[in-house]
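The values are calculated or read from the model by the stated rules, or taken from the named source; none is laboratory data. Computed from a prediction, not measured in an experiment: that's the story for all the values here. Protein only, heavy atoms only, side chains kept; ligands, DNA and RNA dropped before computing areas. Shrake-Rupley method; radii C 1.70, N 1.55, O 1.52, S 1.80 Å.
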Amino acid sequence: MVVGMFCFLSSIFLFLDYLVIFWVFPFLMFLVLYFYGGFFDGFLFSDYFSLVLLFVTFWVFIFSILSMDLSFFSFIILWLMLSFLCFSFLTFNCLFFYISFELVFVLMFIFLLGWGKTAERLQASFYMFFYTMVSSLPFLVLLVDLFFSFFMVFDGFNFFSCGDFFLFFMFFVFVVKLPLFGFHLWLPKAHVEAPVSGSMILAGVLLKLGGYGLLRFFNLSDSFSFSSSFFLNYLFYLGLYGGVLVSLLCVRQMDLKMMIAYSSVVHMSVMFLGLLSLTFWGIYGSLLMMVAHGFISPLMFYLMTYLYDLKHSRSIMVLKGVLLVNPLFCVLWFMCCSLNLSVPPFMSFYSEVIIFGSLVSFSFLEWFFVIFSCFFTGVYCIYTYVVVSHGTSLYSLFCFLDFKTCLITLSHPFFVIFYPLLFFLS
């Protein structure tokens, strides 16, 4: 009797705890975003873009800390990462933005190297380090050179005094972090070898830093030269055709975690098309796509880690027949695949409609590739659900989802549905 009462009270306190974290805190943040227009004190700066992405950052970090048992040192690294991320979203100085921007990836390199699953984490962490750091070094040299000539704020000087050389390396450093197709080889390796918190933060927040950097530096788009316009057209078609190729790669993947990682590249390619449309609605839809992906991808990695802990494999040939052993998980997994598929009324549906609406000047061939990419995105999302849920299970025992997993998973999509109200009401 006493033990049963104690378990009941602990479940009530756990429910109230998650109610405060996942329901009260987001609504308070919603009120702040809606009624508070931002600030600027000469160094720190916040506006609509930074406050929205800050909310996603806090949400994903709370989600990731609750998702695994962290040691003291890993907890310190995560909080340092959160601090530098907040500074990246709030600073108005280009050089300090760059420094905090790169320190976040250094901390993720340490986290991946120290708490990865297998010995392959060494190769994955160095892939991430050299792709991100080597691409950033020329941009740092240019920023330091400009630091003594201009007031280093985002709107404080004309980038084109440095010519197209600056533009090339500015885009190069951010499309590697995004990542765009062709610069994405470090991302699947990092995702596969990272622990669940690392995958959630990497997909939910760190990929958004590349898009946020492009948004901040896009004030230089007023006076493109011919060579810079040619370069941007090349990146545009690289994102368009790369999204189609990566969606085809997702269809043939046997590793479920690799498939989720590649789906991030597809979503970021669509987001990049909206940015390069150079229209208000395209940039608006790109921000909404970043927020939607920041909610959806961590949830998929969280549920995939539950399957990995259950069957100790990431192979689709092993992770099948879950409907027979855990029907509730299949309901949650169906919800995740629907979110990833961008079905209405979810946030990613609105973002894709806005982005494709901004691309009205496409030719028939370009629209063919867009429709082709959307079709194969639907194919691999449906395939991801069907192959996990159906089939003959290699695990014959019936298993239950714990109370914590159910609360976290159900609270997360609630705001994926209602978060667009922040955009449309504002």
Overall Cα dimensions of the range 170-325 - principal axes, largest extent first, Å: 59, 24, 24
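Rounded to the nearest whole Å², what accessible area per residue is found for the range 300-342 with the 1.4 Å probe?
On the way: 1470 Å² over 43 residues.
Normalised by residue count, the accessible surface of the range 300-342 is 34 Å².
Of LYS177/LYS320; LYS117/LYS320; LYS208/LYS257, which ones are farther than 29 Å apart at the Cα?
Numbers: LYS177/LYS320 33 Å; LYS117/LYS320 22 Å; LYS208/LYS257 20 Å.
From the list (LYS177/LYS320; LYS117/LYS320; LYS208/LYS257), the Cα-Cα distance tops 29 Å for LYS177/LYS320.
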Whole-Hz couplings from phi, Karplus 6.51/-1.76/1.60, listed for the range 63-70; x for Gly and Pro: 4, 6, 5, 6, 8, 8, 7, 9
Gain in span if fully extended, VAL141 to LEU95, counting 0.36 nm per residue against the direct Cα distance: 15.5 nm
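Seen from all sides and averaged, what is the projected area of the convex hull of the Cα atoms in the range 324-378, in nm²?
Numbers: hull surface 17.9 nm².
One quarter of the hull surface, i.e. the mean projection, equals 4.5 nm².
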